[in-house]
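Derivation of every value follows stated rules applied to the coordinates shown; laboratory data play no part. Here the structure is a predicted model, which is why all the values come from computation and not from measurement. Neighbour counts run over all protein chains shown; Cβ positions are idealised from the backbone, glycine included.
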Amino acid sequence: MMANEFKYIGKRISSPDTKDKILGKTKYTGDMQRHAMLFGKLVTSQKAHARVRINTARAWAVAGVRAVFTYEDVPKRPYNSNHWYPGLAGKEDELILHETARHVGDRIALVLGDTMEAAERGRQALIVEYEELPAVIGIKSAKERSVTVAGETNLCFETEFACGDVQSGFAKADFIIEDTGSTPKIHHAAIENHVCMAEVDTFGNLIIYSPCQVVFQVQHITARALNLPYYKIRVVKTDMGGSFGGKGMPVLEPICGFAAQKTGRPVKIIMDRMESIAATRTRNASSQRVKTGITKDGKIVAREIEIDFDGGAYLTNCAAIAVAAGKKAFRTYTIENQRYTGKTYYTHTTPGGACRGYGSPQVHAVSEININNAAAKIGMDPVDFRILNAVDPKEYAQGAVDQIGSPAIGNARIKDCLTKGKEQFRWQERMQTIKDKNSDRFAYGLGVAASAHGNGYHGAFPDFINVTMQIMPDGRVLVRAALHDLGCGTVLTMQQIAAEVMNIPPEQINVPQADTFLSPYDSAGTQASRVTFVCGGAVKEAAEALKKKMAVFYATAFGCTDAEVWFEDGKIGTESTEAMDYGSFATLCENKYQTTLKVDLEYKSKANPSVYSAAFIEVKVDRYTGMVEVEDILVVQDAGQVINQTLAEGQLQGGAHMSLGMALYEEMVYDESGALKTGGFAKYHIINAPSMPEVKTLFIEKGEPMGPFGAKSIGELAAVAPAPALMNAINHALGTNLTDYPATPERIIKALNML
């Protein structure tokens, strides 16, 4: 079915919660109230590495303070907040509260008060004494091994992926281009800070309300930390004010649940911005070396990528980030001989975690600059160089795996992204005239970059979801699944998919968000760009099964064949029978056949194809100040099939904002002692509205066989290609080779002074 044949897929349909959000009616976790609720303020370490002693007497004396918890008061059951299901192996090294702080922002105490003000006064009254210990700050310090964070070495994980013979490949190269560079720790900068509320119901169940990404992960981690059975923990996904991966790991949920259990009263903990930056999770910083061998005619014959990651103070995602980045290195270009080595190191800094793109922003950051440098070496246009070497779906059409054993790349349309983008951006014309704009002070340049990401966990981890779909007596369709809308329109996406199959308006589809007591089990929640591809595939298949069941019962009831039954705008019928609305038919089936019109389905992901994007940018750089202005940007996305045009455009625009911020401003900076110098938005800079360019978008919609209606992921990859494209544009404008992110004015001026 072509896009123009769809009734609801690909259309601009507004999210059902849009009006309430605009009017301020949406209730977020921070807005929730309960009778006799206590308010919690975490006490976080001001030192990067220290033994902590806390005198609580003064805090207890503060009016309105009801509880003070330290390491001495909480369970000593270690957990790993990155474990989203029980079968994951990996060291468990976190506690609810710590006696020895491993980073600035580490959790060391919790104060509860009748009001937030009382809790804050109690926090200020605590006497905290630190016995400072030597700290490991940054990858370089971690590799020196003079001080270790955990165990005998700071190296906590290493992996390697390879195909072909890299050394023989380099031997065939006419030119070898090598670059080193780095990417920083980055804060997610969601509008909503981290927050959680917990209470114990009349049956003794611990209920946790959280704007999380995986309710079953929160349940698992809390059960582990508090030594509770799973059936006594209910996790309810609340409306969320943004995440971008930052709320992918439980941070507040275990301690909030403990406090509610211990006091017998509802407890709400809200972080401020400084705490959300220092005490939660970050994008992992990296240090990289990329070496590429090419022939005179522009063919890449060998490549070697080495990336060291800063894992932070706890294991969390140390293994996952190195593996995820490495796998993506093999899916953009056809390179017969390639090796990737990834290592992650412990440091006394904020732990790493999920962040939009997960590994893709790091692995493409320096390699895409290196690709430009390779093209320049032989005088070849950087877009044409990429097109020449880009993967082609024909190369993998018959294969079940890629070069390193990962799932096949699918209907990979990176060449379309580059060719269509080149045409729409007027790349060739601009390249011929861009330098004509230069003046003594201002320099102009063009940049391009390509990137790849995935569609779930198929081939790596369990990737399945259960869905229950039912026709209700009022004719609405209820879709129960563990879905988490992060503000990106997940609920609407599922409504449109179900509506297309059921032939009923999307507003007649009810899609509640995840609740561990009510939602059937999902193996992974919202991560790994799996929601549209996997969860959407499950909803589509469930709708098809329900529709088939309805046809069978209708044929039985009215003496016709299944093939004669039609569905139209919430009604079922045939040419020779009177049509019934879905609700009336559901009632008929209950009366006549003692059954509900319902299906229960467990859907296992069938593939994990790649998804691709290319970004084209024009910049203006001030040679005097080092300031950069993005004059124009086009992002081209291999989407397979867009489900909602407005939501898809918003993803590309929001992703570009995050990616451009990585290239220009965003960076968590620590001093030598581990103190965080960018602990608030006064020092941690993101692109503001006046500096943000209009992001033009273009979608390549050529389908993905295993995706629902041909769709595949968009949201995470949207935050990848603009950053290296911008770096390439700056380098083109100035004749520099900036490879360290972000390209701050100081770095730009320094690079100019070295020319």
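Need the full-extension length gain, K296 to D600, defined as separation in residues times 0.36 nm minus the C-alpha distance. One decimal, nm.
Gain on stretching K296 to D600: 103.6 nm.
What longest region of the chain stays clear of chymotrypsin sites (Phe, Trp or Tyr not before Pro) that DSSP places outside H, G, I, E and B and that have at most 12 other Cβ atoms within 10 Å? Counting only loop sites that pass the neighbour cut-off, the longest clear stretch is 204-623.
How long is the gain from Y28 to T153 if the chain were fully straight, where each residue apart is worth 0.36 nm and the alpha carbon distance is subtracted? Value of the extension gain: 40.7 nm.
Does the chain come out rounded, prolate or oblate, given a ≥ b ≥ c as the square roots of the eigenvalues of its C-alpha gyration tensor, rounded meaning a/c under 1.5 and, failing that, prolate meaning a/b above b/c? It would help to have the intermediate numbers written out before the result.
Values: a/c = 1.81, a/b = 1.07, b/c = 1.70.
The shape class here is oblate.
Note on region 285-309 and region 65-92: Cα centroid distance 40 Å, given to the nearest whole angstrom. Using a Förster distance of 60 angstrom, determine the FRET efficiency expected from the C-beta separation of K21 and S673, and round it to 0.05. With R0 = 60 Å, the Cβ-Cβ based efficiency is 0.90. Other residues within the sphere of radius under 12 Å centred on the Cβ of V251, judged by their own Cβ, net out at -1 (K and R +1, D and E -1).
From the alpha carbon centroid of region 193-233 to that of region 29-44 is 15 Å.
So if R0 is 45 Å, what FRET efficiency would L478 and W60 give, r being the distance between their Cβ atoms, rounded to the nearest 0.05? Show your work: numbers first, answer last.
Numbers: r = 49 Å, r/R0 = 1.10.
Between L478 and W60 the formula returns 0.35.
From its DSSP helices (H runs of at least four residues, each -39,500 (n - 2.57)), the chain gives a residue-normalised ellipticity at 222 nm of -8000 deg cm²/dmol. Under the simplified labelling scheme, the D569-E306 pair shows an inter-label distance of 6.7 nm, with each label point 7 Å from Cα along Cα→Cβ.
Taking all pairs of distinct Cα atoms, average 1/r, flip it, and tell me the Kirkwood hydrodynamic radius of region 223-275 in Å to one decimal place. Could you put the intermediate results ahead of the total?
On the way: mean 1/r = 0.0780 Å⁻¹.
Taking every pair of different Cα atoms in region 223-275, averaging 1/r and inverting gives 12.8 Å.
Annotation: aspartates and glutamates with alpha-carbon distance below 13 angstrom to K571 (same-chain offsets under eight excluded): D474, D581.
Counted residue by residue at 0.36 nm each, then reduced by the alpha carbon distance between them, the extension gain from R53 to A555 reaches 173.3 nm. G710 sits among other residues whose Cβ lies under 13 Å from its own Cβ, and their net charge, with Lys and Arg +1 and Asp and Glu -1, is -1.
What FRET efficiency comes out for the pair A162/D73, r = Cβ-Cβ distance, R0 = 56 Å, nearest 0.05?
Values: r = 50 Å, r/R0 = 0.89.
The computed FRET efficiency comes out at 0.65.
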